[in-house]
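Below is one structure, written out as structure tokens; the observations come after it.
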């Protein structure tokens, strides 16, 4: 309706979601043509996974709905059940809020539940971080969400080309960078080391004036059953290096119980004398830690994204981030503790890297809000074919069109 602000509903379903969407929330809230709606859901509501909703509310965002849909167990089966429960609960909130667009983030199981709900309810779905390659089930989820979505906000040029190659209409694909880089850009100007760790964490408080490691490792869904051994290898490497470290608890993915058990065992065995443990920190505070840490270790995508922009030396362990675009700041290793230790020592010797704008330069939140205010994609999607962006031949495309009885858009 003329004069009515467009309602944008953002689903924040984990601490990872919040870090990747904070500046979009700010920009949508402040945009004169938009009205922000927020749904806090899934592990974002759970204390043991960092209670991201508390951080959300502390920064001035009041959720319009809170939807718990995590089923206990943290196995592949419970992830599937949690996705189904989310699909049962999300439509009720969307019916009440009546958004014009629902925005979902990246590649987690909560993301696909949101995308399915919006698509079936004829609500245009906007999706961030499509077109990326990585390990675990996340890549499959990401590409499925791309096909359910109507507006795409990939974070790199290569990801943009991949989304278009998947048959998405280039008119609705916008390479804006990653919103998490916006937070990194805010913190890059500098924060005094003495103010870095001003939050309560378990274990031994670190001295921020001295070099420290940042450890964040999650379970890998497609390697369920191996999480305990995998995180134990990483923590043994941390011990052998002998530096103080900040260790973060894992996300809610299948296998998180195994990783958490490994961290608890590490602590109980007295191996964590120079380690401080955290469930969650506000996204900007975490970016500040990345700015000053000597090296980041584990399998978090933050090491590749924010790490590229901040020049943070990083060691990515295992397969979770294999194949994802990254800057020169990342070294990949197996789960061999000796290999991890050697890689970390090499990164410590190297020191910080030059800034890379691979994932954006710090304006993604504002750019996404501006696009959402102006575009109105049709709800009915069509496979879009363009020789400029795909390797599909004209003859192959024509045969597909004839066999399906449909037209191929060029």
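Give the residues of region 1-35 that are surrounded by fewer than 22 Cβ atoms within 10 Å (Cβ to Cβ) and in contact with a strand residue (DSSP E or B) (Cβ under 8 Å, 6 or more places away or on another chain), sorted by residue number.
5, 6, 7, 29, 33, 34, 35
Report yes if some residue within region 151-165 is crowded, with 19+ Cβ neighbours inside 10 Å, without any contact (Cβ under 8 Å) to a residue 24 or more places away in the chain and either over 23 Å from residue 287 (Cα atoms) or in contact with a strand residue (DSSP E or B) (Cβ under 6 Å, 6 or more places away or on another chain) (or both); otherwise report no.
no
For residue 65, are the conditions met, namely being touching a helix residue (DSSP H, G or I) at 6+ places or on another chain (Cβ under 9 Å) and free of Cβ contacts under 8 Å to residues at least 40 places away in the same chain?
Criteria met by residue 65.
Assigned by TED's automatic domain parsing to the domain that holds residue 209, farther than 21 Å from residue 183 by Cα and buried (at least 24 other Cβ atoms within 10 Å of the Cβ): which single residue out of 320, 264 fits that description?
320
What are the residues in region 37-52 that are touching a strand residue (DSSP E or B) at 6+ places or on another chain (Cβ under 9 Å) and not in a loop (DSSP other than H, G, I, E, B), if any?
Once the filter is applied, which keeps residues that are touching a strand residue (DSSP E or B) at 6+ places or on another chain (Cβ under 9 Å) and not in a loop (DSSP other than H, G, I, E, B), region 37-52 yields 37, 38, 39, 40, 41, 42, 44, 45, 52.
Taking residue 389 and the conditions (1) assigned to a loop (DSSP other than H, G, I, E, B); (2) modelled with pLDDT of 95 or more; (3) buried (at least 17 other Cβ atoms within 10 Å of the Cβ), which numbered condition does it fall short on, given that it satisfies the others?
(2)
Any residue that is assigned to a helix (DSSP H, G or I), within 17 Å of the chain's Cα centre (by Cα) and within 30 Å of residue 116 (Cα to Cα) - is there at least one of those in region 325-342?
no
Just the residues that are under 15 Å from residue 370 (Cα atoms) and part of a loop (DSSP other than H, G, I, E, B), please, taken from region 155-177.
174, 175, 176, 177
Consider residue 4 carefully, then state whether it is at negative phi, assigned to a loop (DSSP other than H, G, I, E, B) and out of contact with any helix residue (DSSP H, G or I) (no Cβ under 7 Å at 6 or more places or on another chain).
yes
Any residue in region 271-283 that is assigned by TED's automatic domain parsing to the domain that holds residue 22 and crowded, with 19+ Cβ neighbours inside 10 Å sitting within a Cβ distance under 6 Å of a residue that is in a strand (DSSP E or B) and at pLDDT 90 or above? List the pairs, counting only those 6 or more apart or interchain.
none
Considering only residues that are in contact with a helix residue (DSSP H, G or I) (Cβ under 9 Å, 6 or more places away or on another chain) and loosely packed, with under 13 Cβ neighbours inside 10 Å, look in region 392-410 and name the one that is modelled with the lowest pLDDT.
Only one residue fits best here, namely 410.
Going by what's in this entry, would residue 366 be described as in contact with a helix residue (DSSP H, G or I) (Cβ under 9 Å, 6 or more places away or on another chain), in a helix (DSSP H, G or I) and surrounded by fewer than 21 Cβ atoms within 10 Å (Cβ to Cβ)?
So residue 366 passes the test.
Please name all residue pairs, on different chains or six or more residues apart, with Cβ atoms under 6 Å, provided the first residue is in region 369-382 and is closer than 21 Å to residue 22 by Cα and the second residue is surrounded by fewer than 16 Cβ atoms within 10 Å (Cβ to Cβ).
Sorted first by the residue in region 369-382, then by its partner, the pairs are 373/33.
Considering region 328-364 alone, what residues qualify as being within 18 Å of residue 312 (Cβ to Cβ) and touching a strand residue (DSSP E or B) at 6+ places or on another chain (Cβ under 8 Å)?
Result: 329, 330, 331, 332, 333, 340, 343, 344, 346, 347, 348.
The values are calculated or read from the model by the stated rules, or taken from the named source; none is laboratory data. What you are looking at is a predicted structure, and each value in this text was computed from that prediction instead of being measured. Backbone-built Cβ (ideal geometry, glycine too); neighbour counts: all protein chains shown.
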